[in-house]
1. Just wondering, is there one or more residues in region 211-218 that are modelled with pLDDT of 95 or more, polar (S, T, N, Q), buried (at least 20 other Cβ atoms within 10 Å of the Cβ) and farther than 16 Å from Met166 by Cα?
2. Can you tell me which residue is farthest from Phe183 (Cα to Cα) among those in region 227-275 that are part of a helix (DSSP H, G or I) and among the β-branched types (Val, Ile, Thr)?
3. Please find, within region 39-66, the residue that is nearest to the chain's Cα centre (by Cα) out of those that are open to solvent by less than 60 Å² (accessible area, probe 1.4 Å) and of a type in the set (Asp, Glu).
4. Name every residue in region 185-205 that is open to solvent by 30 Å² or more (accessible area, probe 1.4 Å) and of a type outside the set (Gly, Ala, Ser), in order of residue number.
5. Are there any pairs, at least 6 apart or on different chains, whose C-beta atoms fall under 7 Å, with the first in region 65-79 and closer than 11 Å to Asn96 by Cα and the second open to solvent by less than 30 Å² (accessible area, probe 1.4 Å) and in a loop (DSSP other than H, G, I, E, B), and if so, which?
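The values are calculated or read from the model by the stated rules, or taken from the named source; none is laboratory data. Just so it is clear, the structure is predicted and the values come from calculations on it, not from any experiment. Here Cβ is always computed from backbone atoms with ideal geometry, including for glycine, and neighbour counts include all displayed protein chains. Side chains included, ligands, DNA and RNA excluded: accessible areas come from the protein's heavy atoms. Shrake-Rupley method; radii C 1.70, N 1.55, O 1.52, S 1.80 Å.
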Amino acid sequence: MLHLQGPQMLQMLEKSLRKSLPESLKVYGTIFHMNQGNPFKLKALVDKWPDFNTVVVRPQEQEMVDDLDHYTNTYQIYSKDPKNCHEFLGSPEVINWKQHLQIQSSQSNLDEVIENLVAVKLSQVKRTQCFLYMIHQTAKKLVPSLLNAKKLSPSGGTHDSINQEMFKLSSLDVTHAGLVNKFWHFGGNERSQRFIERCIQTFPSFCLLGPEGTPVSWTLMDQTGELRMAGTVPEYRGHRLIFHVICAQIQALDKLGFPMYSHVDKANHSMQRLRPKIQSVLMPCDWNQWQCVPL
C-alpha cells in the first residue's frame, strides 16, 4: 500500500484515471479536487506505483473520529482489476471496516468483492445503484467518444425565464444546511447535516431565494466534484426552478474548469426527463454506493 503525496504524483494519477473514464469517474473527480488544494483533506492510496491496479481515496485518519459517521467515513474506489483487489481493499490500513462507512464507485463489478469482504469482516451492506450522467461540456472535453451517438436537446443548457422580482439567484449559507438536509434522500439526521454544512462551506453552491429571502430551490457539490443534493421546497415544485439553478451551476463551474457529473435515482423519472434539457449525457456505467455497518 502506497500513500501518494505531493502534486507530481497526484497529477500523474489524475492523468492516468482520465484514460479510464467513465468507469473511473468518481475517483477522477475526487483527485481533480485534491489537485485544486484538497479542501476536504483526503488522501489517495494505491496498491503499487506508478503501474497501479487499484486506487482508494479516503479521509485522513484524524478526520475519521466518529465511528458512526458514514458521511465522513467515505471511500472512493477504482480498480483496473476488480476480481483481484480483495487483498488490498481488505487491509485495515486501506479501509477501516470497524466503522460505519460508505464506498462509492462508478464500477458495478466491484459488488462481488465488496459483498465478500463484508461477509469476512462481519458487516452488513446496503447497495444503492443509480443512473450516472456527465454534463455535456465535461464529456466533450474528457470522453468525446461518448457523444457520437448521443442526441441532445438543441435548447439544452439555457435558462427558463423566471420572475426575477420574486426569485433571486444566490449561494447557500451554512445556516441553510438544515433545509437541504430535510429534503436530501440520503440525509435527515445530525451527521448528514454536518456533512452538508461542510460542503456548503467548502464548495460553490447555488440557490434561488424566494420572496421570504430563504432558499426555495438549490444544488450543491460534494468532495468528489459531483453535483448533488438538489431540491425544491414542496410549495414551489412544478415551476422548473431547479432547472434554472442547475443551469446556473453548470455555467459557473464550467468557467472554473471543473469536471461535472451527477446521479439520478432510477425511480426519479422527473429528473431523468430533465437531464437531456440540461445537456447531461447518460453514462454506460452506473453510480454505486455501498453503505456498510459492522455487526
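1. no
2. Out of the qualifying residues, it is Ile250.
3. Glu63
4. His185, Phe186, Asn189, Glu190, Arg191, Gln193, Arg194, Glu197, Arg198, Gln201, Thr202, Pro204
5. Filtered contacts from region 65-79: Asp67/Gln99; Asn73/Met64; Asn73/Gln99; Tyr75/Ile95.
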